[in-house]
1. Restricting to the range 53-64, name every residue that is in a loop (DSSP other than H, G, I, E, B), within 25 Å of residue 108 (Cβ to Cβ) and open to solvent by 60 Å² or more (accessible area, probe 1.4 Å).
2. If residue 109 passes every condition in (1) within 14 Å of residue 18 (Cβ to Cβ); (2) assigned to a strand (DSSP E or B) but one, which one does it miss?
3. Based on what the data block shows, is residue 50 closer than 15 Å to residue 110 by Cα, modelled with pLDDT of 95 or more and in contact with a Phe, Trp or Tyr (Cβ under 8 Å, 6 or more places away or on another chain)?
4. Among the listed residues 20, 80, 24, 28, which satisfies the condition of being among the aliphatic types (A, V, I, L, M) and in contact with a Gly (Cβ under 7 Å, 6 or more places away or on another chain)?
5. Kindly indicate whether any position in the range 77-92 is touching a residue at least 24 places away in the same chain (Cβ under 8 Å), open to solvent by less than 20 Å² (accessible area, probe 1.4 Å) and not hydrophobic (A, V, I, L, M, F, W, C).
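The values are calculated or read from the model by the stated rules, or taken from the named source; none is laboratory data. Because the structure is a prediction, the values reported are computed rather than measured. Here the Cβ positions follow ideal geometry from the backbone for every residue, glycine too, while neighbour counts run over all protein chains shown. Only protein heavy atoms, including side chains, enter the accessible area calculation; ligands, DNA and RNA are left aside. Shrake-Rupley method; radii C 1.70, N 1.55, O 1.52, S 1.80 Å.
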Amino acid sequence: QVQVVESGGGLAQAGESLRLSCVLSGRLLRLNAVDWYRQAPGNSRDLVAAITNDGTTNYVDSVQGRFTISRDTPKNTAYLQMNSLKPEDTAVYYCKLKTLSISDGRTYTYWGQGTQVTVSS
């Protein structure tokens with residue numbers, strides 16, 4: 001059975017940092033690419049940061065230089081380090097994991113359950 005568990009959200013003051021984690025558990029699955037999205041109330045779910053299979057990272061302009069996406073493949077864990085937080089970063093953050101099944105060679109995509117990040121001014 002596959003599970004994706006996010007953690008690390010919470011309340012922060014402007015200028016502080018939070019680190020989000022996203023752990024994939026499931027037999028014979030290998031973590032490849034990772035996307036982090038966020039959704040503020042009344043808004044669409046938007047891509048914030050991405051890391052590809054070869055480790056290339058991309059960020060939306062609003063978080064460039066403040067957020068860092070990473071992954072630990074042996075641990076099947078993805079991270080989003082968020083520094084210099086701003087009130088406009090307030091949203092529910094979701095990880096999207098692109099995985100490779102070792103048993104059948106197919107790729108599967110899984111979403112985390114979301115974690116709330118609230119930044120006060």
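1. Within the range 53-64, 53, 54, 56 qualify.
2. That leaves (1) as the condition not met.
3. Working: closer than 15 Å to residue 110 by Cα: yes; modelled with pLDDT of 95 or more: yes; in contact with a Phe, Trp or Tyr (Cβ under 8 Å, 6 or more places away or on another chain): yes.
Yes: the conditions hold for residue 50.
4. Numbers: 80 fails: in contact with a Gly (Cβ under 7 Å, 6 or more places away or on another chain); 24 fails: in contact with a Gly (Cβ under 7 Å, 6 or more places away or on another chain); 28 fails: in contact with a Gly (Cβ under 7 Å, 6 or more places away or on another chain).
Only one candidate qualifies: 20.
5. Within the range 77-92, the first condition is being touching a residue at least 24 places away in the same chain (Cβ under 8 Å), and the residues that meet it are 77-92.
Now narrow it down to the ones that are open to solvent by less than 20 Å² (accessible area, probe 1.4 Å): 77-78, 80, 82, 85, 89, 91.
Right, trim to not hydrophobic (A, V, I, L, M, F, W, C) and you get 77, 89.
Yes: the range 77-92 contains one or more residues that are touching a residue at least 24 places away in the same chain (Cβ under 8 Å), open to solvent by less than 20 Å² (accessible area, probe 1.4 Å) and not hydrophobic (A, V, I, L, M, F, W, C).
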